[in-house]
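Here is the structure we will look at, set down as C-alpha cells.
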Protein chains: 2
Amino acid sequence: MAEEVILLNFWPSIFGMRTMIALEEKGVKYEYISEEDVIKNKSSLLLQMNPVHKKIPVLIHNGKAICESMIQVQYIDEVWSEKSPLLPSDPYQRAQALFWADFIDKKDQLCVCGRGTWRAKGEELEANNKEFIDILKILESELGDKPYFGGHKFGFVDIVLIGFYSWFPEYQKFGNFSIELECSKLIAWAERCLERESVTSLSQALKRVENRVC
Amino acid sequence: MAEEVILLNFWPSIFGMRTMIALEEKGVKYEYISEEDVIKNKSSLLLQMNPVHKKIPVLIHNGKAICESMIQVQYIDEVWSEKSPLLPSDPYQRAQALFWADFIDKKDQLCVCGRGTWRAKGEELEANNKEFIDILKILESELGDKPYFGGHKFGFVDIVLIGFYSWFPEYQKFGNFSIELECSKLIAWAERCLERESVTSLSQALKRVENRVC
C-alpha cells in the first residue's frame with residue numbers, strides 16, 4: 001500500500017519541528033499542509049483531525065490522525081522502525097528518555113517561561129528568567145559530557161528540545177540574558193544537532209523565526 | 001538475578017495507584033515504602049531517587065529509579081511483557097492510548113478541577129464544576145459503548161483514569177453535583193474496573209480516601 005503521510009502544521013511551532021525532524025530522520029516523504037491562522041480561523045481539516053485540542057501539529061497517516069508532537073515522534077519511531085531508532089530499546093533507557101521529554105513539556109514550563117521573557121516585566125521578568133535558566137541548567141546537567149541526551153546518538157530527547165533553540169535569540173533579547181554564558185554546553189549540543197540534515201532542513205523555518213516580530 | 005522492586009508512595013495518591021495496579025496486573029511482587037510527609041518532610045530516599053521533581057510515586061527496580069506514574073506503567077508493561085499487555089502493540093492504537101492518557105493529565109486538568117471542587121467558591125466553583133464535567137464527558141464519549149478504553153481488555157488508559165474514581169465521592173460532595181447523573185456510562189466503566197483484582201487490591205487505600213477529611 002502506498003503510504004500517505006500529511007503533516008498539518010504552522011511554521012514557527014516548536015512542536016511541529018519535532019515531528020518534521022523525526023520524519024526527516026526516518027527519510028519519510030510527506031505532504032506539508034500549512035495552517036494559516038491557528039488562533040482565529042482554524043481550518044476545517046484541523047477541526048476534523050484534532051477535535052479535542054484543535055491544535056497543530058497533526059500527523060495524518062493513511063487517513064488516520066495522530067495528535068500531540070511527542071506521541072507523533074514515538075509513532076514515527078515505531079512505524080518506521082528500520083531506520084534511525086529514536087528511542088532506546090532498553091526499557092530503563094526508554095523510561096529515562098520519556099522522563100526528560102516529559103520534563104521539557106511539564107506544564108509547558110519551558111514554553112511558558114520562554115514566552116514570559118517578552119510578556120513579563122520587572123520582578124516578574126526576573127523570576128521568569130531565573131526559572132527559565134534553572135530549567136536549562138537542569139537539562140544541561142542531565143546532558144553532562146555526552147554529545148546527545150541519549151549518549152552517542154541523536155534521539156528522542158534531542159528532537160523534543162532542539163526546536164526551542166530556534167527561539168533562543170528572542171528569549172535572550174527580551175529576557176536580557178545570555179544562554180551561552182549560562183549554559184555553554186547546551187549551546188554546543190544545539191550546534192551539534194544543527195549539523196544533522198534532519199535539523200538543518202528546517203533552517204527556513206528557523207530563519208523565519210529569527211526574523212519574526214514578537 | 002532476583003528482582004528487587006520497590007514502590008515509594010503516599011497512600012492517597014491517584015498517581016501511585018496507577019503504578020500499583022500495573023504491578024498487580026503483571027503479578028509483580030514489590031516492597032511498598034510509605035512516604036509519611038510528602039509536603040514538609042520528604043525522606044532522603046525520595047530526594048535521592050527523584051532529585052528533579054522530588055515527588056512520589058517512585059518505582060525502584062534493581063536500584064534504578066523510574067519517576068512519573070505514566071512512564072512507570074509503560075516501563076512495567078515493557079519489562080514484564082509476557083503477562084497482561086497494557087498498551088496495544090499496534091502503533092496507531094498505542095498512539096491513541098497515549099493521547100487519552102495525556103489528555104487526562106494535560107496540565108493536570110482533571111486533577112486541578114477535582115481539587116477545585118473544595119477550593120473554589122461561588123462563580124469560580126461553577127466554572128470549575130463545568131470544566132470538570134466537560135472533561136469527564138469527553139472521556140465518556142471516547143469510551144463510547146466499549147467495556148474499556150482500549151476495547152475489550154482492561155489497559156493503559158483505564159489504569160491512568162481509574163484512580164480518580166476513588167475521589168469521586170469527595171468531588172461530588174464539595175462540588176454539589178452527581179457524576180452518576182452526568183456520566184452514567186463512565187460510572188459503569190469504573191464499576192467494571194473495580195471487578196478486577198488488581199484494582200480491588202487497592203480497596204484499603206480507596207477506603208481511606210473515602211474517610212479522609214479534606
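A short reminder: the numbers here are calculations on the coordinates, not readings from a lab. Note that the coordinates shown come from a computational prediction; the quantities given were computed from them, not determined experimentally. Quick reminder, even Gly has a Cβ in these numbers, built from the backbone with ideal geometry, and neighbours come from all protein chains shown.
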Exercise. Report, as an integer, the average count of C-beta atoms from other chains found within 10 Å of each Cβ along B:44-57.
Key: 1
Quiz prompt | Coordinate range along principal axes, alpha carbons of the stretch B:91-209, Å, largest first | solution = 43, 32, 24
Self-check item: Distances in nm from A:Val38 to the matching label points in the other copies, shortest first (labels 7 Å along Cα to Cβ)
Solution: 3.3
Quiz item: What percentage of all Cα-Cα pairs in the protein assembly as shown are separated by more than 36 Å?
Solution: 29
Self-check item: Descending semi-axes in whole angstrom, ellipsoid equivalent of the stretch B:1-46, from the Cα gyration tensor
Solution: 21, 14, 6
Self-check item: Teacher prompt: B:Gly122 distances to equivalent labels in other copies, 7 Å Cα→Cβ, nm
Solution: 2.6
Self-check item: Longest site-free stretch - chain B; sites: GluC sites (Glu not before Pro), DSSP loop, at most 10 other Cβ within 10 Å
Solution: B:83-194
Quiz prompt | Cα-projected label distance for A:Cys111 with B:Gln93, points at 7 Å along beta-carbon direction, nm | solution = 2.9
Quiz item: How far is the Cα center of the stretch A:1-36 from the Cα center of the stretch A:109-133, in Å?
Solution: 30
Quiz prompt | Binned Cα-Cα distances of chain A, short to long, each 10 Å bin given as a whole percent | solution = 8, 33, 37, 19, 3, 0
Quiz item: For the stretch B:5-79, what is the charge dipole size about the Cα centre, in debye to the nearest 20, if Lys and Arg each add +1 at the Cβ and Asp and Glu each add -1 at the Cβ?
Solution: 220
Exercise. Would you mind computing, in nm to one decimal, how far apart the modelled labels at A:Leu45 and B:Lys130 are, each placed 7 Å from Cα along Cα→Cβ?
Key: 3.3
Self-check item: Over chain A: helical MRE at 222 nm, DSSP H runs n ≥ 4 each giving -39500 (n - 2.57), nearest 500
Solution: -17000 deg cm²/dmol
Exercise. May I ask you to list the residues of the stretch B:150-192 whose amide nitrogen lies under 12 Å from a point 7 Å from Cα along the Cα→beta-carbon direction of B:Trp118?
Key: B:167-175
Quiz item: Roughly how many debye, to the nearest 20, is the charge dipole of the stretch B:91-209 about its Cα centre, given +1 on each Lys and Arg Cβ, -1 on each Asp and Glu Cβ, and no other charges?
Solution: 300
Quiz item: Highest GNM mean-square fluctuation, chain A, Cα pairs closer than 10 Å: which of A:Leu181, A:Leu136, A:Leu87?
Solution: A:Leu181
Self-check item: Filter on B:Lys121/B:Lys153; A:Lys137/B:Lys29; A:Lys54/B:Lys146; A:Lys130/B:Lys42; A:Lys64/B:Lys130 - keep pairs with C-alpha separation over 29 Å
Solution: B:Lys121/B:Lys153; A:Lys137/B:Lys29; A:Lys64/B:Lys130
Quiz prompt | Cβ-placed point charges (K, R +1; D, E -1), dipole of chain B about Cα centre in debye, nearest 20 | solution = 400
Quiz item: Averaged across the residues of B:95-103, what count of C-beta atoms belonging to other chains lies within 10 Å of each residue's C-beta?
Solution: 6
Quiz item: trypsin sites (Lys or Arg not before Pro) within the stretch B:1-104: which are DSSP loop residues with at most 12 other Cβ atoms inside 10 Å?
Solution: B:Lys29, B:Lys40, B:Lys83
Quiz item: To the nearest µm²/s, what D does Stokes-Einstein give for the stretch B:5-79 at 37 °C and 0.692 mPa s, using the Kirkwood radius over alpha carbon pairs as Rh?
Solution: 271
Practice problem: Would you calculate the separation in nanometres between label points at A:Asn176 and B:Lys54, each defined as 7 Å from the Cα along the Cα-to-beta-carbon direction? | Solution: 3.0
Exercise. Hydropathy first: keep DSSP H helices in chain A averaging at least 0.5 on Kyte-Doolittle, then drop any whose Cα extent along the axis falls short of 18 Å, and list what survives.
Key: none
Exercise. Return the single residue from A:Pro169, A:Pro57, A:Pro85 with maximal mean-square fluctuation; model: Gaussian network over chain A, springs between Cα atoms under 10 Å.
Key: A:Pro169
Self-check item: Candidates per trypsin sites (Lys or Arg not before Pro) in the stretch A:112-180, loop by DSSP, up to 14 other Cβ within 10 Å
Solution: A:Lys121, A:Lys153
Exercise. In nm to one decimal, list the spacings between the A:Thr200 label point and its equivalents in the other copies, with label points set 7 Å along Cα to Cβ, shortest first.
Key: 6.3
Self-check item: Amide H contacts under 5 Å for A:Ile33, placed H, 5+ residues apart
Solution: A:Leu7, A:Leu8, A:Asn9
